[in-house]
Every structure is written in C-alpha cells, then in structure tokens.
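Everything on this sheet refers to the single structure shown next.
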Amino acid sequence: MRQHSIVRRLLADPASALGAAIVALFVLAAVFGPALTPFDPNQSIYESVRVPPSAQHWFGTDHLARDVFSRVLAGARSALLLAGGGTLVAVLFGTAIGLVSGFRGGWLDEVLMRFFDALLSLPALLLALLLLGTLRAAYGESVSAIGRGLGVFLVLAVVYTPIVARVVRSVALGVRGRAWVEAARLQGERLPRILLREILPAALPALAVEAALRFSYAIFLISSLGFLGVGVQPPNPDWGLMVNEGRRNLSQVPWAMWAPAVTIAVVVVGANLLADGLKRALMERDLQREKDA
Amino acid sequence: MSAPLLELRRLSVAYGGLTALREIDLSLQTGETLGLVGESGSGKTTLALAVMGYLPPEGRVTGGEIRLAGRDLAAATRAELRAIWGIELALVPQDPFTSLNPALKIGAQLAEGLRLHRGLTRAEAQARAIESLREVRLPDAERLAAAYPHQLSGGQQQRVLLALALSARPRLLVLDEPTTALDVTTEATVLDLVRDLLAETGAAALYVSHNLGVVAGRTQRTAVLYASELVEDAPTAELFQRPLHPYTRGLLDSLPRPGQRRAAQPLAGMAGRIPPLNDLPPGCVFAPRCPLANEQCHAERPPLEEAQPGHRVRCHRWPEILAGTADPAQPLTATAPALARAAEPLLQLEDVTVAYPLRRTLAEVLAGQPRPAVQAVAGVDLQLGKGRTLGIVGESGSGKTSLARAIVGLAPHSGGEIHLLDLALPPDVQQRARPLLAQLQMVFQNPEEALNPYLTIGESLSRPLVNLLGLRGPALAARINELLEAVRLPAEYAARRPGQLSGGEKQRVAIARAFAARPELLVADEPVSALDVSVQASILNLLHRLQDEQGAATIFISHDIAVVAYLADDVAVMYLGRLMQTGPAAALFKPPHHPYTEALLAAIPGGGAAGVRLAGEIPSALHPPSGCPFHTRCPHSLGELCETETPPWQATANGKQIFCHIPPADLLALQPRPEARP
C-alpha cells in the first residue's frame, strides 16, 4: 500500500511522470535494444555513407556508414549497465559505511568522513581521470572491453560511495539517539540488525532520491569519459564516444553527433526529474503521515 | 451585573469538516480570571485563538459571536483587529522558545510593539520596554533588553512574553498554557507573577490550561471543554469541590493528590479516548466514556443548564448527581493488594558518576589540558529492594534521566559502581550479556519515538522475546497475544504499525515490550508526561498492576512530585546531579524536608500560594556551585558554611536522609505543616 501511494503521488506530477517515462524507456531500450536494432551497430553499410535522417535511417548514418539509430539504441545497454551497476555498488558500499559511521560515531566516523571529504574535494571527472590513468598504468593499454568496463565501474563506485555514505550517515546520526533504537539495544539486538531494521528504513527515502540522482550523474560521467577517450573504446557504441567521433565530422554528419548528445541530455534530465519527483512524493507522504498521526 | 467584557454567544468554529467548537456560550467580566481547561482535542486552544482573531486559514467561525466590550470580533476586519490587538487584547503564547524572534534583541521586540500600538518614539519605546521588563520582576532589565532570546532561560523568556503582552495595558489577556514548557519551580514563580500583575493592571484573563492544578488556585471561574463542547462552567472552588459533570469528576480523580498512596487508593483512569472531531457522537459527546450514560445520553444532546447559581453543566443526569443519587466516578479497576515483600537488595549504586565529555579546542589539546566534562550525575549512592518502587524527582538538569540511563547502560557511568544482585554492571549496554539485559528494561518518555515506526506492533513485541527469552513459532505468537492482553489492547493490534495508534496506546505497547522478558527492574523515565491527563491515570495504573503481578522493582522518574509520591515506596530528590534527600514516600509531605524539597512541594500546582519560591535559575552543571550545590537558591542558606563545605547526610525522625547543613530539628521549625488541597 505504501509503495502504491508513492508511485501514485509520483505520477500525479507531470514533470515527475515525464522523468519516470524517460527512465522507463531508457531501461527498456537497454534490455531489448540490441535485439531491436534495425542494423548491426558496428557494421558499415557501404551503399549509404553519411545519409541524413530518413525513413530507413532514422538518425542517419555516420562517417563510417553505420546506422546512428542502431548505435544509440545499442549504447543504452552499456550506459545502463555501467551507470546502474556503478550506482548500485556505490549505494551498497556507501550505505554500509554511512550506517556504521553514523551509528558508531567517535574516531571511526571522524577518520572515514575526513577521508571522504578529501575525495570529495576533487571534481568527480578529475578523480575519475586520475583513477583510470592509474589503472592504465597498472594494467597497460591492451585491456579487453570487459576490463575497460570494469574500470569505469570501479571508478563510479569510488567517486560516488563517499557522497552516498555522507547522506546515509547524516540520517543515521539523527536516528541513533531515538528511543526506539535505544530500546532495541536494551533488548539485545545485535549491531547488523539495529543498522538494517532500526536505522536503514529511516534512511530509505533519502537513499532512493540520492540513488536516482547519482544514476543521472553517472550517465553523464560515463559519457564524459567516453568523449575524452578514456572510457569505453571504439568501435563500441558508447554515447560519449559517439559524440566525440561525431564532433570530428560535424561539418559532414552533424546528426551523428547530435543524436547521441541529445539522448544523453534527455536521459540525464529524465533521471533528474525522477529524483526530484521521488523526493517530493516522499516528503508529501511524510507530511500526510504526520497529519494522520 | 455590568455588561461583560468578553461574551461568546453560541460560538462555533470548524476546520474543514472538523468541529472544533460547538455553540459555546461563555462570558467574562472586567478584571475576572477565567480558567479554561480541557485535554488535547477539546477545543481550548481554538477558543483562545478565535478570541484573539488568530484562527489559522482553514479555521472558520461557522456561527455565533465573539463580543469584546460590545464589539463583534468574529465579524471584524483585519484592520479593525489590528487596532485592538495589543491594546485591548493580548496573547501570552505557550512556547517561549519559538515565540520570540531569535534575531532581534529583547528590548527591540518590546519597543516595536509599543511604537506600533502606542505611537511612541524610538527612545520613549526603549525606555518603556526596560520599564516593562522591570514590571515582570526581571533583574538587570537594561542588560536583558540588550540580550538575544537564546541568552535567556525559559523562565526569563516567558517573563519577556508576559511583559510584551502587558506592555500596552490590555483589558483582556489570553494565556495559552503559559507555563507548560517550564520547570515546576519556575512555573510556580511565573504563575505567582501573573496573578500579581493581573491584580496590579486590572486586566481580565482567559487562562487556558490542560492542568487543573494550575487553574485551581489562580482563577475565579473555571470552564471545562470536552470534544468541542462546553461541558461545565462554575466558580473554581465549587467546581473542584462539587463537580457535576462526569468528565470533570473523572479529570479530578485522574490526579493523585498529595498524600494519596497507591496501595490505599488506586487512581481512577477514564476508559476510552476523546471522540474524533469529524465524527462526534449524536448525543452527549462524553456518553461513550461516561459511567452514567443511558439511552437518552447516547441519543440526545444535553442542554447547557444552570444547576446552581453561576454553575452551568451540560449533562442529562446532573439533578441526580447533584442530589447524590448517581455516582459519576469512574469504576476503579480492582488491584490486588501489594504483597509485603522482604526487601532483599536488588540494585545498589555506589558513588555513581555520569560525565559527558566536551570537545576541547586545538589549543587546549596542544596545551595538554584534560578534557572538560559536564557532570550530569555526581556521586550518587542508592539502594533498591526487590519488588520495591523508587521514585526519583527533579527538574530538568537535575540528572535524573542521566541516572536512569546509566542504570540501563545507555549513558555509561564514568565512576562508581552499579550492582544488580551481586553482579557489577558493565557501564555500556553493549558490554552487557543478554541474560543481564533481560533483567533491566526501560520505558521511555516519548511514546511517539519509543516504537520503531517501520515495524508492526507484533514485530516490536517479538524482539525481546526472541533475543532475550529465545521464543520461537507458536510460543512466540502466544506470548505476544498475552502481552497485548496484559496491556488491554486487542490482539489485532499485532498487525498494526505505530502510526495507527494513539499516544496512550503506543505507551501501552512500549510498556508491554519492557515487561516482555520479565525483568527484575524496570526503569520508567517520565512515562506519562507526554500524555493527556485522562490517559495518564490509566497508564500509571497499568504500570503498577504489571509491576505487582510480575514482582518487578521499578525506578520511576518524574518532575511531578505528587505522581512520584503516589506511586513510589521510597522517594529520592535530585538537584544538579546530586541527591538532596531520600526517604519513604509516606513521609515525603511531612517536614522536615530538604529546603529544595520544600520548594518543590510548595510549587505543586493547586497547593495554593503558600510556601517558599526559588529565586534564580539552576546553575550550569559545567561549573556547579561549591559547597552545597543548592546554596545559590536556598531560602534558608546559612551563608559561608553552605558556600564552602559539602553538607553532611543527616537522618530525620521520620526516616528521611537529608543532605543539608541545617539540623533536621531546625528545618522542622522553619517549615510549615502541609495544607490540604482544595
């Protein structure tokens, strides 16, 4: 019933509903996209080089005569896997660290949070470049596509864990002194159960909003890395990479750049709208609950 | 009789579909003080706001008139009201902490009103502001005028609000629970001040309170509201002596009186709760909870009738109650007489200290200075026998809650020892083994926070059973039902979440959870102070019934000395982290007392104006006074001896131990015999 009312509140707002629809479309594209692509995304179609958008090639073809629509569709999967997976890992680690740090407090909290402060003081892109550079130095240039994917994945986790941890910690800090948490300690609850059953539920709303927000930034960051050429490597259909390739041929095939660029923007804005809507819906629900009580 | 200053004629107020006030007829003469009592949901605050013209946007006067000196305020425009506010009509709000603008100096806040209402110049207003601070007996008025609200104590802030309300000499003062947020000894001094100022300025007052005791000694007439209805209105003394409405009677019986002991007279709690305001019963609003309700009461709304001159009551059965042929008292739930138990020692505290460390600045760390600490509890020795009840009384800052938390391990003690039976308790709850945890449980003050809002009631109750007793499966389910039954809640409640329960019901669940593992010792920290009066009595009864059934010893902590005296076998009085007095509850009201206890007893609302009042504020626990910690406020201080020497513990003839330099025989001569309450 509670989930239901959140979804209903979310969809009642046009902007949030639009955000939810965009994200849903994106997820569908990621799951089914590769099966639905009208052309092989990496195969040149020699009879149609640099054709503008048409009924056959919705987004046209690029300088290597590849179907841009198929490439954008195919790119959704790596974007979702990397952004979603990286966010998930960051949320898991961040939640665990945030709960322990906030509940325990003391020197452990102090050390963890100062370390995270240091990480957060670096711009996310700079930190990501630094980490990827280090990885490349360690593993060399000739790493498989999966290896590169794992690298991006790892970078996202490192960049976003501190942010998630801070959010969860601040909630845990506020809740740990509540009587119900103290009562649980008096009733002999063990630490993991106190963290997961007594404190985590209070952090879930903030966590849901944070996860949606991190996800949108993750797409943005992955695309940035792709654009800079340090993320996913050609010829894989990565949106950032496609924007970069398109940029070099902008005068001849502007659509090859615009299609992935607009897609990135739409998905990022959509995820942001969803995060905002989620936040609003959760706040409204809490207000309603207070009124009922 | 002259025309009344304030007259409410069939006043009705609604919030959307909620009836907040229903056809209230009430009048107030010039210079008269009228008490308005009721529980939350009774409509008393709405009435105060309606009179002020301060109803929130969703509130509407749906009928009737509010006449102030002949003018109808309900029909007045905002501009007309603005001309009346502050000059003819002023409000003293409930919460001093949120009612003053934190960004403005006290003097500026006072002067602003004077400039607006009285058209004074800046300098005149400032001078008058300082004068009005003096009028409310604030020492050092010039300095206070230049201070910000956060630099003042709660009592001082409430005086400033009083000065603010009185500065323009209003003809009617509306006081909305003016002392509810204050400590008892501060409350007593503020209430005395209000009474004196009203006499000086000749203002009439509408005194809104949930506390009958506060109203008792300070008003000429008292009106009782219940679920949007005015149910009774009478001269205050008469209302307390001969209440005609069963609800008023129930309210009076819910309060323990000084000297009442639970073994002899159980408290009469009222069954049920106030009806929802969007679904009021068709007949008398109190009928569902009334022991005298008959068919007529359930079907037909009683009229407000004058039973005696000046004594109006809205009840079908008042003639029988007046004649004494019907008894409106709530039936007492029979409690088995407490068994005489051998006072085998259970808990022993030796020199227990609880200190909260403070942060040092970097310079202090580098200079190697020791970490400063606030001593919340300093050197407390106490003993508690098996099955006994120890009451701990004290105001905020006395360390009573810290002591309770130290015993259960939530505020680890930093010095001394706590023994349960023969076992020294580890300070931190985390270091205590589960079998030990099962012996010590706690009921928290605020029922809203005591239960995890994300778990069902059944899940909450199952945790101590699983963890501490190892119950599983059907045995677990059976015990949960048993617990719900023991606290008089239906078994369906196991599937509900705390959000669906009332405050009193939540506290019942919290009590059930505390008793779940059959503890030897239960610590109850102000378990009823967040609840309505009519609910309080039933929770107190429930607590002591379970305690008797299970033979658990209890430490009962409260700021309310009457409640503690009623419930406890022994009473300890704390001030600034130290014990001031210990002794049997039966002797609590009989002198000699520690001077601080004397002041607490004198501050019991309804105890009349007699007795000592404490000057000043509780000193900071960071820098406690030397010698006797109470010497800065003691009315009987001996001077240098009290300021420099730690007092001795002295035994009195009636079994008390008193931490004071003054010999008990001298204290006895200084202190009055207790008076009977009205």
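Each reported figure results from applying straightforward, stated rules to the coordinates on display, with no laboratory input. Worth saying up front: this structure is predicted, and the values here are computed from it rather than measured. A quick note on method: Cβ atoms are made from the backbone with ideal geometry, for glycine too, and the neighbour counts reach across all protein chains shown.
By how many degrees, 0 to 90 and rounded to 10, does the Cα axis of helix A:14-36 deviate from the longest principal axis of chain A?
Roughly 50 degrees between the two axes.
Considering the Cα trace of the range B:362-499, what is its radius of gyration and what is Dmax, both in angstroms?
Expressed in Å, the Cα Rg and Dmax of the range B:362-499 come to 19.3, 63.
Tell me, what is a quarter of the convex hull surface for the C-alpha atoms of the range B:1-100, in nm² with one decimal?
7.2 nm²
If Lys and Arg each add +1 and Asp and Glu each add -1, what is the summed charge of the other residues whose beta carbon sits under 11 Å from the beta carbon of B:Leu36?
Result for the local shell: -1.
So how long is each side of the range A:18-66 along the principal axes, counting just the alpha-carbon atoms, biggest first, in Å?
So the extents along the principal axes, rounded to whole Å, are 38, 20, 16.
From Cα pairs below 8 angstrom and at least 6 apart in sequence, can you work out the relative contact order of the range B:71-225, rounded to a whole percent?
28 percent.
Taking a quarter of the surface of the convex hull around the Cα atoms of the range B:553-618, what do you get in nm²?
Projected area, direction-averaged: 4.8 nm².
Just from its helices, what would the mean residue ellipticity at 222 nm be for chain B, if runs of 4 or more DSSP H residues each count -39500 (n - 2.57) and the sum is divided by every residue, rounded to the nearest 500 deg cm²/dmol?
-9500 deg cm²/dmol
For the range B:428-578, place one equal point scatterer on every Cα, skip the solvent, and apply the Debye formula. What is log10 of I(q)/I(0) at q = 0.13 Å⁻¹?
Log10 I(q)/I(0), no solvent term: -0.58.
Only counting other Cβ atoms within 10 Å, I'd like A:Trp58, B:Trp649, A:Trp239, A:Trp107 sorted with the fewest neighbours first.
The most exposed by this proxy come first: A:Trp107, B:Trp649, A:Trp58, A:Trp239.
Tally Lys and Arg at +1 and Asp and Glu at -1 over the other residues with C-beta under 13 Å from the C-beta of B:Ser414: what net charge comes out?
Result for the neighbourhood of B:Ser414: -1.
Evaluate the Debye formula for the protein assembly as shown with equal point scatterers sitting on the alpha carbons, no solvent, and hand back log10 of I(q)/I(0) at q = 0.07, 0.09 Å⁻¹, in q order, two decimals.
Summing over Cα pairs of the protein assembly as shown leads to -0.76, -1.11.
Under 5 Å between amide hydrogens, which residues at least 5 positions from A:Ala65 or on another chain qualify, with H placed 1.01 Å from N in the peptide plane?
A:Arg50
Tell me, what does the Kirkwood hydrodynamic radius of the range B:514-646 come to in angstroms if you use every pair of distinct C-alpha atoms?
Evaluated over the range B:514-646, this radius sits at 16.8 Å.
Using Cα springs under 10 Å in a Gaussian network model of chain A, which residue among A:Val31, A:Val266, A:Val181 shows the largest mean-square fluctuation?
A:Val181
In whole Å, what are the Cα extents of chain A along the three principal axes, biggest one first?
Here the Cα extents, ordered largest to smallest, are 76, 48, 28 Å.
Specify the residue with the greatest mean-square fluctuation among A:Ser78, A:Ser223, A:Ser170, computed from a Gaussian network of chain A linking alpha-carbon atoms under 10 Å apart.
Among A:Ser78, A:Ser223, A:Ser170, the largest mean-square fluctuation in the Gaussian network model of chain A belongs to A:Ser170.
Note down the net charge around B:Val429, summing +1 for each Lys or Arg and -1 for each Asp or Glu among other residues with Cβ under 10 Å from its Cβ.
Every neighbour counted, the sum reads +1.
Give me the angle, in degrees from 0 to 90, between the Cα long axis of helix A:239-248 and the longest principal axis of the Cα atoms of chain A, rounded to the nearest 10.
Value to nearest ten degrees: 40.
Given 25 °C and 0.890 mPa s, how large is the Stokes-Einstein diffusion coefficient of the range B:372-425 in µm²/s, with Rh as the Kirkwood radius over Cα pairs?
199 µm²/s
Restricting things to alpha carbons, tell me how big the range B:445-533 is in terms of Rg and Dmax, in Å.
Just the Cα atoms of the range B:445-533 yield Rg and Dmax of 12.4, 39 Å.
Taking a threshold of 32 Å on the Cα-Cα distance, which of the pairs B:Lys400/B:Lys506; B:Lys105/B:Lys506; A:Lys279/B:Lys105; B:Lys386/B:Lys656; B:Lys386/B:Lys506; A:Lys279/B:Lys506 fall above it?
In this structure, B:Lys105/B:Lys506; A:Lys279/B:Lys105 lie more than 32 Å apart at Cα.
Please give the calculated 222 nm ellipticity per residue for chain A, where each DSSP H segment of at least 4 residues contributes -39500 (n - 2.57) and the sum is spread over every residue; nearest 500 deg cm²/dmol?
Result for chain A, helices only: -26000 deg cm²/dmol.
How far is helix A:145-175 tilted, in degrees, relative to the longest principal axis of the Cα atoms in chain A, given as a value from 0 to 90 rounded to the nearest 10?
Here the helix axis deviates by roughly 30 degrees.
Given the alpha-carbon gyration tensor of the range B:493-582, what are the semi-axes of its equivalent ellipsoid in whole angstrom, ordered largest first, with each equal to the square root of 5 times an eigenvalue?
In descending order, the three semi-axes are 25, 16, 12 Å.
Quick one: what does P(r) look like for the range B:124-215 with 10 Å bins over all Cα pairs, in whole %?
In order of increasing distance, the bins hold 16, 51, 30, 4, 0 percent.
Based on Cα positions only, what radius of gyration and what Dmax would you give for chain B, in angstroms?
So, for chain B, Rg and Dmax equal 26.4, 81 Å respectively.
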